[in-house]
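Undergrad: Quick one: this structure, given as structure tokens, is what I'll be asking you about.
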Amino acid sequence: MAPSLEVDRQPDIHHLGIDTPPYSDTPESFKPTNASYVIREEPIRTRRPLRVVCMGAGYSGLMMAIVISKQLQDSNLEFVIYERNKDLGGTWLENRYPGCQCDIPAHNYAYSFEQNPEWPNYYATSVQIHDYLKKTSTKYNTDRYMNFDHEIQSAVWNELDGKWNITIQNGSRTIEDKCDVFINAGGVLNAWKYPNIDGIELFKGKLLHSASWDEAYDFQDKKVAVIGIGSSGIQIVPKLAPVASHLTSFVRSKTWISPGPGINEPTENDPDTDDQHNYAPHVLQKFKDDPEYLLQHRRDVMDRRIDNFKRAHSASEAQKKAQQLFTKTMTERLGSSEKGKKLAEMLIPEFPVGCRRQTPGPNFLETLIQPNVETRWDDIAKITEKGILTKSGEELEFDAIVCATGFDTSFQPRFPIIGKDGASLGAQWNDTPEAYFGITVPNFPNYFCFIGPNFPISNGSLVLGVQAVSSYIYNCINKLQTENVRSMEVMTEACNDYNEHLQTYLQRTVW
């Protein structure tokens with residue numbers, strides 16, 4: 001079902017930015033008999049002036065800027081991006097911890113229209129991804145839309161004006177802006193937080209979070225604690241253990257560690273790579289010289305990634321094989337020592353593969369069995385000035401504590417977003433976040449979001465999903481501009497129907 005449309009038929013339509021000739025200039029026979037409706041003397045599909053504000057300059061915000069620039073060609077449209085950081089890139093700018101890389105194959109993590117033959121490895125690091133985004137922005141001249149060090153504080157829909165009132169903080173300066181369309185491209189991996197552990201503020205050593213890394217700190221010969229074994233924790237541990245005098249990994253839950261270094265590992269049919277999955281020099285040269293060769297490689301990698309979605313079905317043969325394979329490889333990598341056997345009992349889950357995000361970890365399991373590495377299953381009671389007090393009553397002293405505890409991924413807005421009739425997005429999404437295709441929300445006219453609830457992050461490429469959303473938003477903006485539509489929002493009935501279908505389907509899956 002399509003979003004509902006509200007067409008402006010008010011006598012005064014000047015707030016739409018349309019200059020209507022006065023009645024006195026209109027021939028007598030064409031004077032309106034009903035003053036509530038006015039014929040505009042302009043060609044059909046004339047683009048009315050529109051202002052669009054986008055929050056965030058990561059993959060999504062950059063994609064939207066490219067669409068605005070190329071497809072709408074700035075036709076009677078003002079577009080601005082407010083980004084809280086000092087540069088574009090989003091999570092790939094912010095995350096700089098040792099070993100930070102994307103676990104999705106690099107060539108699946110590029111825009112479909114902007115291949116990158118320069119990816120040196122099957123998987124890209126955060127620095128390489130940030131560099132790709134910078135080059136793409138420069139190529140498409142989207143820097144002109146971006147305002148850095150600008151953090152949105154609130155967004156309130158004004159029904160009378162048919163506009164969003166946006167409050168932005170830029171240092172000590174508060175800015176008030178208005179727009180016809182508000183796009184939330186802030187993503188979900190941007191609100192990092194320290195764990196809620198008593199005494200964390202008392203620690204006298206070095207306290208770090210994986211998403212707020214101090215690259216100047218030297219871990220050489222330090223006693224280090226790493227809390228968490230999610231995606232960041234399993235990348236950090238193998239990098240710090242070789243330089244630390246002792247490393248303790250604190251574990252609270254089991255997790256599947258996939259056999260390869262990423263979600264989809266290379267195969268023998270892929271172009272040549274070394275044992276670290278770096279592409280051979282002749283392969284990189286061929287990527288540059290033969291775009292079709294690179295495109296075919298991207299297709300092959302994508303086909304495998306999509307094929308892996310079969311694992312998501314709970315009772316599928318693919319799920320059973322995945323559990324058997326992961327159990328076998330984890331057991332083999334941990335080895336037959338007493339330490340390895342104990343770790344296997346601690347870490348290998350009973351729940352299906354994919355129930356929580358897969359965590360590929362090159363050298364992670366091998367690192368856990370090293371002499372200077374200890375894995376603790378105890379829940380942490382509190383943090384002290386010297387280190388960590390476990391619930392078993394043991395106080396462990398550390399020079400540095402690394403919190404690899406992730407982000408707030410609850411979909412709760414980081415600031416007030418107030419829609420029609422005072423509806424609060426935070427309150428509406430407090431129990432069960434629901435959106436229409438993860439993009440539009442009832443009660444929030446002219447509001448669109450990227451990577452919203454139930455966005456397809458586990459099927460194919462996240463970047464292609466972002467491209468699809470940008471196309472959807474473009475079509476909506478185009479309609480608002482050319483058909484004199486004042487506002488649009490998804491109908492509650494349509495949103496409910498979609499989410500009923502979604503939840504019914506998800507019962508078949510590991511989620």
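Undergrad: Residues of segment 473-491 being assigned to a helix (DSSP H, G or I) and surrounded by 14 or more Cβ atoms within 10 Å (Cβ to Cβ), which ones?
TA: Those that are assigned to a helix (DSSP H, G or I) and surrounded by 14 or more Cβ atoms within 10 Å (Cβ to Cβ): Ile473, Tyr474, Cys476, Ile477, Asn478, Lys479, Leu480, Gln481, Thr482.
Undergrad: Within the group Thr440, Thr405, Thr432, Thr390, which residue is of a type in the set (Val, Ile, Thr) and at pLDDT 95 or above?
TA: The unique qualifying residue is Thr440.
Undergrad: Show the residue pairs that are 6+ apart or on different chains and have beta-carbon atoms under 8 Å apart, the first residue being within segment 39-50 and in the same structural domain as Leu77 (by TED's automatic domain parsing) and among the hydrophobic types (A, V, I, L, M, F, W, C), the second being exposed (fewer than 15 other Cβ atoms within 10 Å of the Cβ) and assigned to a loop (DSSP other than H, G, I, E, B).
TA: If the second residue must be exposed (fewer than 15 other Cβ atoms within 10 Å of the Cβ) and assigned to a loop (DSSP other than H, G, I, E, B), the pairs left are Ile39/Pro32; Leu50/Gly17; Leu50/Asn76.
Undergrad: Looking at segment 177-260, what strands (runs of 3 or more DSSP E) fall wholly within it and have at least 2 residues that are more than 21 Å from Leu347 (Cβ to Cβ), touching a strand residue (DSSP E or B) at 6+ places or on another chain (Cβ under 8 Å) and not aliphatic (A, V, I, L, M)?
TA: In segment 177-260, the matching strands (runs of 3 or more DSSP E) lie at 181-184, 206-209.
Undergrad: From (1) part of a helix (DSSP H, G or I); (2) farther than 23 Å from Ala110 by Cα; (3) modelled with pLDDT under 95, pick out the condition that doesn't hold for Leu464.
TA: (2)
Undergrad: Is it fair to say Lys382 is surrounded by fewer than 19 Cβ atoms within 10 Å (Cβ to Cβ), farther than 25 Å from Ala57 by Cβ and not assigned by TED's automatic domain parsing to the domain that holds Met55?
TA: Details: surrounded by fewer than 19 Cβ atoms within 10 Å (Cβ to Cβ): yes; farther than 25 Å from Ala57 by Cβ: yes; not assigned by TED's automatic domain parsing to the domain that holds Met55: yes.
Judged against the criteria, Lys382 is a match.
Undergrad: Next question. What are the pairs with Cβ atoms under 9 angstrom where one residue, in segment 487-511, is of a type in the set (Asp, Glu) and the other, located anywhere, is part of a strand (DSSP E or B) and surrounded by 17 or more Cβ atoms within 10 Å (Cβ to Cβ)? Sequence gap at least six, or different chains.
TA: These pairs meet every condition: Glu489/Thr440; Glu489/Tyr447.
Undergrad: Just to be sure I understand, how many residues within segment 357-409 are part of a strand (DSSP E or B), within 30 Å of His277 (Cα to Cα) and of a type outside the set (S, T, N, Q)?
TA: Total satisfying the criteria: 5.
Undergrad: Would you check if there is a residue in segment 44-64 being surrounded by fewer than 21 Cβ atoms within 10 Å (Cβ to Cβ) and at positive phi?
TA: Yes, segment 44-64 contains a residue that is surrounded by fewer than 21 Cβ atoms within 10 Å (Cβ to Cβ) and at positive phi.
The values are calculated or read from the model by the stated rules, or taken from the named source; none is laboratory data. In this text, all values refer to a predicted model and were calculated from it rather than measured experimentally. Note that we place each Cβ from the backbone using ideal geometry, even for glycine, and neighbour counts take in every protein chain shown.
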